[in-house]
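To start, the structure under review is shown below, and the notes come after it.
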Amino acid sequence: MEGYWIWLAFLALAVISLSIIQLEAGRNKRLLAGYRQMQMDVEQLRGRLREKEMKLDQLQRECAHLLKLKSRNLDLEEELKKTKRSAEYNSSERLQYLESYLARQEQNPSAIFLGTFPPLRLHSIEDRLCRMLEAARFEVVVVSPWIKRQTWNRIAAPLQKFFRRGGRLVVFMRGRESDYSSGMSDDIQDEVRRLGGELLFVRPLHAKIYMIDRKEAIVTSANLSQGGIDDNYEAGVWLNDPQVIHDICSYVDDLYRCRQS
């Protein structure tokens, strides 16, 4: 009888051990399945991470390319500005204007009388000057002994557009300190400088000339002042005759040599 109970005890112990083994096996299977699932999740995350890294690398390459393009664009803009100020560019522009002039010569007059006398319905000096400035490409020459800031501001808008196109502005004025103290002229040096222009003084200056691109000019009695543009009875001639323009250019060159240092 005692052996029977020992056998039952061993049997119970075996059953319990088997149950424990089965439980451990099930637990191990679940752990293994969980581990495998974790591995799959990790691989998926790694794949997504690689995709993100590839996209990030692509974005970095595109940004670097855009920066190179921007740098190149700035270089090209600077080269264009330098080219527009070069003698070769100006010569090419003048040649184009000359060809255009020859093509229009049969249709357009070579000279027009201008005035500030509205009752006669004459061409306005200011209107013609503004039209010229709007069309200016590479050079504007202003010869006016006396210039008032209020009148200068009336032509500032087309001059600013001309400056943004890379053109050269040269202004000749009468060079006496008394002209400023008496109010005959205003000091417009800052205005001219903001437009990248050159302001030159000639003491005995009395001529009034407005020349655009060395292809057309106004020779007049009118200063750039309210009296010259609005109040006085002024007169002048707009012209584009090549020989006369050549003579005006020579005169302007002489003024340049006579400027005050």
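The numbers here are math on the coordinates, done by the rules we state, and not lab data. Since this is a predicted model, take the numbers as computed values, not measurements. Using ideal geometry, Cβ is built from the backbone for each residue, glycine included, and neighbour counts are taken over all protein chains shown.
Using C-alpha pairs under 8 Å with a sequence gap of at least 6, the mean separation divided by the residue count of the range 109-257 gives a relative contact order of 31 percent.
Peptides 238-249, 21-32 ordered by packing proxy, namely the average of other Cβ atoms within 10 Å per residue, highest first: 238-249, 21-32. Projecting label points 7 angstrom from Cα along Cα→Cβ for Cys249 and Tyr35 puts them 9.3 nm apart.
Classify the range 109-257 as rounded, prolate or oblate from the Cα gyration tensor: take a ≥ b ≥ c as the square roots of its eigenvalues, call it rounded if a/c is under 1.5, otherwise prolate when a/b beats b/c and oblate if not.
rounded
Taking 0.36 nm per residue of separation and subtracting the Cα-Cα distance, full extension of the segment from Arg194 to Glu43 would add 47.9 nm.
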